[in-house]
Amino acid sequence: MTVKEHILTLLDGNKGGYISGEEIAGRLSVTRSAVWKAIKSLQMDGYSIQAVTNKGYSLSPHTDILSAGSISKYLDTQGQKLRVEVFKTISSTNEAVKALASNGEAEGKVILSEEQTAGRGRKGRKFFSPPGTGIYMSILLRPKLSAVESILLTTSAAVAVALAIESVSGKDTQIKWVNDVFMDGKKVCGILTEASMSLENGWLDYAVLGIGINVSLPTGGFPNDLTGIATSVFSEGNHHGDLRNRLVAEVLNHFMGYYEYLADRMFLSEYRERIMLLGKPVTVMKDNKQCEATAIDIDNDCRLKVRYKNGDEEYLSSGEVSIKI
């Protein structure tokens, strides 16, 4: 970590309390001037840091800016193996991780950003990524999976997000097959998995797991095209300090726990429990046509079993499915 990152970690570990510049300099073996410059830089980044003569520096307990150091303190042993990097702004966390993967970056790299200028969802749709109110995160994975088995990554990630949200907020979640997480009937999280296949062995060369969570309402609310469709974990004014860092860590802890034993499908019961389509009439998009069906079951490969009006049944591995209203 840089001096700036080390200082942020120290202040974050004593959030609301004061640490003298002399103590910080001594711990990091740097000059007082270097400490002062790093503090100024952190303040310019938006961190609320007070400097009081004869007391030192204090990070406001209401600070909720993403940082690798703040996330790290909530990570479990498995999560600590990850290499987390946070940006203030980025075009797309998925694109950044894909570039690293193509250049040989090892598994376990995690990139987050306070905002995305070109965030993407499924089928190239734009993913609304305003600054300071969401979590936009991508994880580099190199699993020994076939393309068909890659659905296990997205579905286990959906469960990890659902459990993390429930833990931090105390609210219930649901999952819309395949991997959208909902609260109160509205979408709160989207997951986009992109992968590169090795032609030599048929396994995935790498997978990039992109996760976008609406943590609090953006200033001015959601755009018109998302009003009535999207929601946030917390409403405006109900967003306490360090919430996003904790939520990121909870997602990573749950996901990495599942990922280590992915073939065992330890997440499957939690996944089935939260699926919001089962037993309901749905519309399935097939060959650019809308087909009416009923969602019947989720099998062990996370495929959705549907029964069409003519009695035919099918297992879906991917596709557009919506609840009929």
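The values are calculated or read from the model by the stated rules, or taken from the named source; none is laboratory data. Everything numeric in this text was worked out from a predicted model, so none of it was measured. Positions of Cβ are backbone-derived with ideal geometry, glycine not excepted, and every protein chain shown enters the neighbour counts. Just so you know, the surface numbers come from the protein's heavy atoms only, side chains and all, with ligands and any DNA or RNA stripped out. Shrake-Rupley method; radii C 1.70, N 1.55, O 1.52, S 1.80 Å.
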**Item:** Contact order normalised by residue count of the stretch 1-125, Cα under 8 Å, 6+ apart, percent
**Value:** 22
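For the stretch 21-148, what does the convex hull of the Cα positions come to per residue, in cubic angstrom?
On the way: hull volume 20.2 nm³, N = 128.
Per-residue hull volume (Cα only) is 158 Å³.
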**Message:** Test of understanding: in a Gaussian network model of the chain with alpha carbons linked when under 10 Å, which of 303, 32, 246 would top the mean-square fluctuation ranking?
**Reply:** 32
**Prompt:** Quick one: which of 98/144; 109/305; 4/73; 144/286; 73/187 span more than 27 angstrom between C-alpha atoms?
**Reply:** 109/305; 144/286; 73/187
**Request:** Please give the per residue accessible area of the stretch 107-197, computed with a probe of 1.4 Å over protein heavy atoms only, in Å².
**Result:** 36
**Item:** Separation between Cα centres of the stretch 271-285 and the stretch 80-98, rounded to whole Å
**Value:** 32
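Using DSSP, restrict attention to beta bridges with both residues in the stretch 62-146 and report what percent are antiparallel, rounded to the nearest 5. Let's see the in-between values first.
Working: 5 of 11 bridges.
Roughly 45 percent of the DSSP beta bridges within the stretch 62-146 come out antiparallel.
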**Request:** Sequence neighbours fewer than 8 away in the same chain don't count; with that in mind, list the aspartates and glutamates whose C-alpha is under 18 Å from residue 55.
**Result:** 12, 22, 23
**Complete:** Here FRET efficiency (C-beta to C-beta, residue 203 to residue 53, R₀ 56 Å, nearest 0.05) is 0.40
**Request:** With a bin width of 20 angstrom, please list the P(r) values of the chain as percents of all Cα-Cα pairs, from the 0 bin to the one holding the largest distance.
**Result:** 30, 54, 14, 2
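Quote the charge dipole size of the chain about the Cα centre in Debye, to the nearest 20; the model charges only the Cβ of Lys and Arg (+1) and of Asp and Glu (-1). Show your work: numbers first, answer last.
Details: 37 positive and 38 negative charges, 119 e Å.
Taking the Cα centre of the chain as origin, the dipole is about 580 debye.
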**Asked** Restricting attention to the alpha-carbon atoms of the stretch 141-215, what are Rg (one decimal) and Dmax (integer), both in Å?
**Response** 14.0, 46
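Quick one: dipole size for the stretch 209-325, taken about the Cα centre, charges +1 on Lys/Arg Cβ and -1 on Asp/Glu Cβ, in debye to the nearest 20. Walk me through the intermediate numbers first.
Numbers: 13 positive and 17 negative charges, 55 e Å.
Here the stretch 209-325 has a charge dipole of around 260 debye.
Report, in deg cm²/dmol and to the nearest 500, the calculated mean residue ellipticity at 222 nm for the chain, where each DSSP H run with n ≥ 4 adds -39500 (n - 2.57) and the sum is divided by the residue count.
Details: 8 runs with 91 residues, N = 325.
About -8500 deg cm²/dmol.
Taking every DSSP beta bridge that has both residues in the chain, what percent is antiparallel when rounded to the nearest 5?
Values: 51 of 60 bridges.
Antiparallel bridges: around 85 percent, rounded to the nearest 5.
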**Request:** Provide the FRET efficiency to the nearest 0.05 for the residue 44-residue 106 pair, computing r from the beta carbons and using R0 = 35 Å.
**Result:** 0.60
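Excluding residue 17 itself, calculate the net charge of residues whose Cβ lies under 14 Å from the Cβ of residue 17, where each Lys or Arg counts +1 and each Asp or Glu counts -1. Could the numbers behind the result be given before it?
Numbers: positive: 15, 55; negative: 12, 23.
After counting each charged neighbour, the total is 0.
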**Prompt:** Which of 123, 187, 55 moves the most in a Gaussian network model of the chain with Cα springs under 10 Å?
**Reply:** 123
**Fill in**
Within the under-14-Å Cβ sphere about residue 148, not counting residue 148, Lys/Arg +1 and Asp/Glu -1 give a net charge of -1
**Request:** Select from 103, 300, 179 the residue whose mean-square fluctuation is largest in a Gaussian network model of the chain (Cα-Cα springs shorter than 10 Å).
**Result:** 103
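Using a probe of 1.4 angstrom, how much of the accessible area of the stretch 1-144 is carbon and sulfur, in percent?
Working: 3760 of 7280 Å².
Roughly 52 percent of what the probe reaches on the stretch 1-144 is carbon or sulfur.
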**Fill in**
Taking protein heavy atoms only, a 1.4 Å probe, and rounding to whole percent, the accessible area of the stretch 260-302 owed to carbon and sulfur comes out at 42
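Could you sort 285, 183, 1 by their accessible area in this structure, using a 1.4 Å probe and putting the largest first? It would help to have the intermediate numbers written out before the result.
Details: 285 80, 183 5, 1 130 Å².
Per-residue accessible area, sorted high to low, gives 1, 285, 183.
Near residue 76, within a Cβ-to-Cβ distance under 13 Å, what is the net charge of the other residues, with Lys and Arg +1 and Asp and Glu -1? Display every interim value, and only then the final one.
Details: positive: 73, 81, 246; negative: 250, 260.
Cβ neighbours under 13 Å give a net charge of +1.
How high is the relative contact order of the chain, given as a whole-number percent (alpha carbon pairs under 8 Å, six or more residues apart)? Let's see the in-between values first.
Working: 619 pairs, mean separation 48.1, N = 325.
Worked out over the chain, it gives 15 percent.
Before I look further, what does the stretch 226-325 give for accessible area per residue, probe 1.4 Å, in whole square angstrom?
Numbers: 5290 Å² over 100 residues.
Heavy-atom accessible area per residue stands at 53 Å².
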